[in-house]
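For reference, the structure is listed below as structure tokens.
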Amino acid sequence: MRLMSIASGSSGNCIYVGSECAHVLVDAGISGRRIEKGLNSLELTGKDIDGILVTHEHSDHIKGLGVLARKYGIPIYTTGGTVDALSRSKSLGELPEGIFHEIREDEPFFIKDLSIRPFTIPHDAAQPVGYRIECGERSVGIATDLGKYNEYIVENLQNLNALLLEANHDIRMLQVGKYPYYLKQRILGDRGHLSNENAGKLLCRLLHDNLKAVFLGHLSRENNYEELAYETVCAEVMLGDNPYKPRDFKIQVAKRDCISEVITV
């Protein structure tokens, strides 16, 4: 399996996951041109994509969805609530008939040899989900836009080989920043976004010997920066009640404006 971030941040998200014979995108929140450029780096094009897994309907996750769907007819997999929200979105334009494939939380489905398990996430959207994607004995997880984590989310992210995890904001930067009060409360709330500290705490629950790599994703442009997210998460791991140290596996920040390295598991 391969995992690569084409873009990850509060301004746009698109993640590639694939096997030898199956290729999917998780979200399409950047321009079609940028998505194509990212795929080209893998020697792929939009024609090779077997499905787009949409986490939820916010613009930073769907910006390029309409373009890709019309150009290539790529099936879109998402929950019923998100389908309804997307169907009402004027920003996507007209979508091909039959393009949506409705999925349900905790009910795995297959795209070729990829087994995909959606799980509920606490976020202020219609019916948002994260994804656990498996191929044989290998697995990767995508978990962003989490207001909080709980035992259910921990369970869905256990025993992964690679993970893209939200580290959206530094709490102090957000509190003293220029955002209006209501927006600060939304981000800090149980249906908002995961802070650097909580990302580190959640990661401590997920560490195991076969975890190869962790991407920290969906960083806020205004309330975070790469070095701070990285150092905060590493500090939580170092101080956490676990036998691991940050150097025991690869932690890196998924950037908003360029593709990441390819992680093969």
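Listing for the model above:
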read-out: Subset of the range 171-183 (residues that are open to solvent by 10 Å² or more (accessible area, probe 1.4 Å) and either out of contact with any strand residue (DSSP E or B) (no Cβ under 6 Å at 6 or more places or on another chain) or more than 19 Å from Arg221 (Cβ to Cβ) (or both)); value: Arg172, Met173, Gln175, Val176, Gly177, Lys178, Tyr179, Pro180, Tyr181, Tyr182, Leu183
read-out: Residue match in the range 223-244 (condition: at pLDDT 95 or above, assigned to a loop (DSSP other than H, G, I, E, B), surrounded by 16 or more Cβ atoms within 10 Å (Cβ to Cβ) and out of contact with any Leu (no Cβ under 7 Å at 6 or more places or on another chain)); value: yes
read-out: Of all residues in the range 99-117 being open to solvent by less than 30 Å² (accessible area, probe 1.4 Å) and touching a residue at least 40 places away in the same chain (Cβ under 8 Å), the one that is nearest to the chain's Cα centre (by Cα); value: Ile116
read-out: Residue match in the range 191-203 (condition: assigned to a loop (DSSP other than H, G, I, E, B) and open to solvent by 10 Å² or more (accessible area, probe 1.4 Å)); value: yes
read-out: Hits in the range 165-190 (condition: assigned to a loop (DSSP other than H, G, I, E, B) and hydroxyl-bearing (Ser, Thr, Tyr)); value: Tyr179
read-out: Lone qualifier among Arg247, Arg186 - being open to solvent by 60 Å² or more (accessible area, probe 1.4 Å) and in contact (Cβ under 8 Å) with a residue 24 or more places away in the chain; value: Arg186
read-out: Pick from the range 118-164, criterion assigned to a loop (DSSP other than H, G, I, E, B) and of a type in the set (S, T, N, Q), ranking: surrounded by the most Cβ atoms within 10 Å (Cβ to Cβ); value: Thr144
read-out: Residue check, Glu231 within 20 Å of the chain's Cα centre (by Cα) and among the charged types (D, E, K, R); value: no
read-out: Spans of helices (runs of 4 or more DSSP H) in the range 3-95 with at least 2 residues over 26 Å from Glu105 (Cα atoms); value: 32-40, 65-72
read-out: Residue identified as under 22 Å from Ser139 (Cα atoms) and either under 18 Å from the mean Cα position of the chain (by Cα) or among the charged types (D, E, K, R) (or both) among Gly217, Gly192; value: Gly217
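The values are calculated or read from the model by the stated rules, or taken from the named source; none is laboratory data. All values reported here derive from a predicted model rather than from experimental measurement. All Cβ positions, even for glycine, are placed from backbone atoms using ideal geometry, and neighbour counts span all protein chains on display. Just the protein is used for accessible areas: all its heavy atoms, side chains included, with ligands, DNA and RNA removed. Shrake-Rupley method; radii C 1.70, N 1.55, O 1.52, S 1.80 Å.
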